[in-house]
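The values are calculated or read from the model by the stated rules, or taken from the named source; none is laboratory data. Everything numeric here is computed off the predicted structure, so don't read it as measured data. Using ideal geometry, Cβ is built from the backbone for each residue, glycine included, and neighbour counts are taken over all protein chains shown. Heavy atoms of the whole protein, side chains included, go into the accessibility calculation; ligands, DNA and RNA do not. Shrake-Rupley method; radii C 1.70, N 1.55, O 1.52, S 1.80 Å.
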Amino acid sequence: MSKKLINFVNITKAFGDNVVLDDLNLYIRENEFITLLGPSGCGKTTTLRILGGFETPDRGQVIFDGRDITALPPNDRNLNTVFQKYALFPHMSIAENIAFGLKIKKKSKEYIDDKIRYALKLVNLDGFEHRSVDSLSGGQQQRIAIARAIVNEPKVLLLDEPLGALDLKLRQDMQYELIRLKNELGITFVYVTHDQEEALTMSDTIVVMNQGYIQQIGTPEMIYNEPVNAFVADFIGDSNIIDGIMIEDRVVSVLGTRIPCVDEGFGCNRPVDVVIRPEDVEIVKPEDGFMEGNITSVIFKGVHYEIEILANGFEWLVHTTQLYTVGTHVGIQVIPFNIQIMNKPESEDEEAAWPDL
């Protein structure tokens, strides 16, 4: 297993009365693609900026490769940042943009020219040395911003929503480009996004954040299939999240109907959140389901139909490859293994500050 390269220790940061990070602890392994994921205002970009040296924490330490870098300026840290806005210099050629950091370090012309050729080949833009920034598409400009960062041979590349300004197809193409670059370069990527599809596609590890707290850390598969609370389940993909009562081990009451599940240890007659993914809901004959209802909406999504079923007063979301007609009376069935039971937070503060992981 790779060694721990970066360690955030008890990081707290506030802007005025607004506490953005509250006693955050997180480590990042060498050669890991880790994504900080969460809604606007959750603290993910502030975490990245503290790592990059653009913000100083009010309390806590940032340890980088065994060294405390909390007070170091950005240019003394062995990392580079790629921003959403690219931050390219419009009056410079592509080669001059890429060489900017190397010239500041007073590298030789031969060294710089070799690095420019290497970086352009790596981002599939060979021969673009003398082009102007304005002649490039958004995706090409983003690649140049990445090339400018990697020629400095950082141990860590920080990416702050770098694909946010691109259209959908180009964004998807760039996701695969970033995976390829990470594998070829063998450096650590720390990526910030609010886009859960990006996080699931690219990451080795996802850190889900909310209101300055880490909610869950894990692989994309773990985060999606085993969310620790309703916030994570709701933020990562679509979910049916329903108030339930845990009757006893392996039996939960949902919308007035007792159904079997596989969860244990919640106690008896305890309020819980019941989470069921739309792809895990099976549409069956009315008499074969644990409850029945009427289809109220059918939307074609390309690879599946997104269907809503009103049953027992709840609007169920279902993903299926089979076409149904609005108004059809159907049954709903879910196998026990696909029903996830979660403790219900007793307050908003408890919901935000989920236990440390």
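For first residues located in segment 164-190 and of a type in the set (D, E, K, R), partners that are not in a helix (DSSP H, G or I) and lie 6+ apart or on another chain with Cβ distances below 7 Å form the pairs 171/163; 182/33; 182/189. When we screen 280, 356, 273, 349 for residues that are under 30 Å from residue 20 (Cβ atoms), modelled with pLDDT of 95 or more and within 29 Å of the chain's Cα centre (by Cα), the only hit is 273.
Annotation note: of 295, 307, the sole residue that is touching an Asp or Glu at 6+ places or on another chain (Cβ under 8 Å) and among the β-branched types (Val, Ile, Thr) is 295. Could you tell me whether any residue of segment 152-165 is over 30 Å from residue 343 (Cβ atoms), buried (at least 21 other Cβ atoms within 10 Å of the Cβ), out of contact with any Lys or Arg (no Cβ under 6 Å at 6 or more places or on another chain) and not hydrophobic (A, V, I, L, M, F, W, C)? For segment 152-165, residues over 30 Å from residue 343 (Cβ atoms), buried (at least 21 other Cβ atoms within 10 Å of the Cβ), out of contact with any Lys or Arg (no Cβ under 6 Å at 6 or more places or on another chain) and not hydrophobic (A, V, I, L, M, F, W, C): present. Return the residues of segment 89-124 that are small (Gly, Ala, Ser) and either within 16 Å of residue 150 (Cβ to Cβ) or assigned to a loop (DSSP other than H, G, I, E, B) (or both); say none if nothing qualifies. Those that are small (Gly, Ala, Ser) and either within 16 Å of residue 150 (Cβ to Cβ) or assigned to a loop (DSSP other than H, G, I, E, B) (or both): 95, 99, 101, 108, 119.
Taking every residue in segment 319-337 that is free of Cβ contacts under 8 Å to residues at least 60 places away in the same chain and pairing it with any residue that is open to solvent by 60 Å² or more (accessible area, probe 1.4 Å) and part of a loop (DSSP other than H, G, I, E, B), at least 6 positions away or on another chain, the pairs with Cβ-Cβ distances below 7 Å are 331/285. Only one entry of 197, 248, 226 meets the criterion of being out of contact with any strand residue (DSSP E or B) (no Cβ under 6 Å at 6 or more places or on another chain), modelled with pLDDT under 95 and under 17 Å from residue 343 (Cβ atoms), and that entry is 226.
Of all residues in segment 149-204, those that are closer than 20 Å to residue 98 by Cα and among the hydrophobic types (A, V, I, L, M, F, W, C) total 14. For segment 200-216, which positions are more than 10 Å from the chain's Cα centre (by Cα), open to solvent by 10 Å² or more (accessible area, probe 1.4 Å) and under 17 Å from residue 39 (Cβ atoms)? The answer is 210, 211, 213, 214. Within segment 175-186, if we keep just the residues that are of a type outside the set (Phe, Trp, Tyr) and under 22 Å from residue 208 (Cα atoms), the residue that is surrounded by the most Cβ atoms within 10 Å (Cβ to Cβ) turns out to be 178.
When segment 263-283 is filtered for residues that are open to solvent by 30 Å² or more (accessible area, probe 1.4 Å) and either on the phi < 0 side of the Ramachandran plot or β-branched (Val, Ile, Thr) (or both), the ones remaining, listed by number, are 263, 264, 266, 268, 270, 271, 279, 280, 282. Scanning segment 15-29 for residues that are in contact (Cβ under 8 Å) with a residue 40 or more places away in the chain and either loosely packed, with under 15 Cβ neighbours inside 10 Å or more than 16 Å from residue 70 (Cβ to Cβ) (or both) returns 19, 20, 22, 25, 29.
Out of 309, 295, one residue alone is over 17 Å from residue 242 (Cα atoms) and either touching a residue at least 24 places away in the same chain (Cβ under 8 Å) or acidic (Asp, Glu) (or both). It is 295.
So in segment 74-104, with the set limited to residues that are among the polar types (S, T, N, Q) and open to solvent by less than 50 Å² (accessible area, probe 1.4 Å), which one is farthest from the chain's Cα centre (by Cα)? Within segment 74-104, the match that is farthest from the chain's Cα centre (by Cα) is 93. May I ask you to verify whether residue 107 is open to solvent by 10 Å² or more (accessible area, probe 1.4 Å), under 29 Å from residue 29 (Cα atoms) and either touching a Phe, Trp or Tyr at 6+ places or on another chain (Cβ under 7 Å) or not hydrophobic (A, V, I, L, M, F, W, C) (or both)? Judged against the criteria, residue 107 is not a match. The single condition from (1) farther than 22 Å from residue 331 by Cα; (2) open to solvent by 30 Å² or more (accessible area, probe 1.4 Å) that residue 260 fails is (1). Restricting attention to segment 10-37, the residues that are in contact with a Ser or Thr (Cβ under 9 Å, 6 or more places away or on another chain) and either farther than 20 Å from residue 154 by Cα or assigned to a strand (DSSP E or B) (or both) total 17.
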